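Everything below concerns the one structure shown next.
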Amino acid sequence: HALVVISHFTGHLATGFGAAIKNMGMGCASRRGKLIQHSTAKPSIRVEKCTGCRECQAWCPQDAIFFAENTAAIDEAKCIGCAECLAVCRYDAVGYNWSETYENLQKKVAEHARGVRACHPEKAVYFNFLLRITKDCDCMSRFERIAPDLGILMSSDPVAVDAAALDLVEDHLGGPLSRHAYEIPYRTQLEHGAAIGLGEPTYQLEEV
């Protein structure tokens, strides 16, 4: 068995950017792992923006969304914080308060990614596609391009490939990614990943 991780580099409203670490940590986590990662954040409805389309209710895996006077509401006891409602809402009517969870979430993502990598410590390769780089991740309905195509990176180290991708994007932007995406700390996933043995943030670029 081997592990091949193919990731599209984008901005992200909770991790600042998403690439190999986020793709592996969130994408390969079990249902219980996903719940643990998102357990500190729950969505809320912006009543003034809700149109009553019921799309969020149709996609909620826990039946946690109900309607009162044609406006969505969330049963916090049932909500698992999966953010499915945030992803499908076309009217920006679902909000999240990430302010206290950015760094904790990134640490949990890196820890889950380390667990995935531990299953294939020797036979693993990571590709980051720096193409159609957008402010938000691919699950969002919005599409706001923030950088031109910069190429494809490959490494056997997920921390190194993410660090290289982030540096390339920021070099092109002439400053922090947060100026163009979200004003949140985003290097925690790299720093914590290095601290727990997921990989090393140092790298050397070789053009092919």
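The values are calculated or read from the model by the stated rules, or taken from the named source; none is laboratory data. Predicted model, so just to flag it, every value in this text is computed and none were measured. Glycine gets a Cβ as well: all are built from the backbone with ideal geometry, and neighbour counts include every protein chain shown. Ligands, DNA and RNA are stripped out before the accessible areas are found, and what is left, the full protein with its side chains, is counted by its heavy atoms. Shrake-Rupley method; radii C 1.70, N 1.55, O 1.52, S 1.80 Å.
Looking across ASP167, ASP162, ASP149, one residue alone is out of contact with any Asp or Glu (no Cβ under 9 Å at 6 or more places or on another chain) and within 17 Å of MET24 (Cβ to Cβ). It is ASP162.
Within the stretch 123-157, can you find the residues that are of a type in the set (A, V, I, L, M, F, W, C) and farther than 16 Å from ASP167 by Cα? The answer is ALA124, VAL125, CYS137, CYS139, MET140, PHE143. Among GLU103, GLU69, which is farther than 29 Å from ASN23 by Cβ, of a type in the set (Asp, Glu), open to solvent by 60 Å² or more (accessible area, probe 1.4 Å) and at pLDDT 85 or above? Only one candidate qualifies: GLU69. Counting the residues of the stretch 72-82 that are among the small types (Gly, Ala, Ser) and open to solvent by 60 Å² or more (accessible area, probe 1.4 Å) gives 1.
Please go through the stretch 129-142 and give me each residue that is more than 14 Å from the chain's Cα centre (by Cα) and either at pLDDT 90 or above or of a type in the set (Asp, Glu) (or both), ordered by number.
Narrowing the stretch 129-142 to residues more than 14 Å from the chain's Cα centre (by Cα): 129-132, 141-142.
Answer for the stretch 129-142, where residues must be more than 14 Å from the chain's Cα centre (by Cα) and either at pLDDT 90 or above or of a type in the set (Asp, Glu) (or both): PHE129, LEU130, LEU131, ARG132.
The residues of the stretch 55-66 that are of a type outside the set (Val, Ile, Thr) and either open to solvent by less than 60 Å² (accessible area, probe 1.4 Å) or under 25 Å from the mean Cα position of the chain (by Cα) (or both), listed by number, are GLU55, CYS56, GLN57, ALA58, TRP59, CYS60, PRO61, GLN62, ASP63, ALA64.
Among residues of the stretch 182-208 that are open to solvent by 100 Å² or more (accessible area, probe 1.4 Å), those with a Cβ under 8 angstrom from a residue that is part of a helix (DSSP H, G or I), sequence gap 6+ or separate chain, pair up as GLU200/VAL159; GLU200/ALA160; GLU200/ALA194; THR202/ALA160; THR202/ALA163.
Restricting to the stretch 130-146, name every residue that is open to solvent by less than 10 Å² (accessible area, probe 1.4 Å) and not acidic (Asp, Glu).
Residues of the stretch 130-146 open to solvent by less than 10 Å² (accessible area, probe 1.4 Å): 130, 133-134, 136.
Answer for the stretch 130-146, where residues must be open to solvent by less than 10 Å² (accessible area, probe 1.4 Å) and not acidic (Asp, Glu): LEU130, ILE133, THR134.
Within the stretch 154-181, the set of residues being touching a Lys or Arg at 6+ places or on another chain (Cβ under 8 Å) and at pLDDT below 95 comprises HIS180, ALA181.
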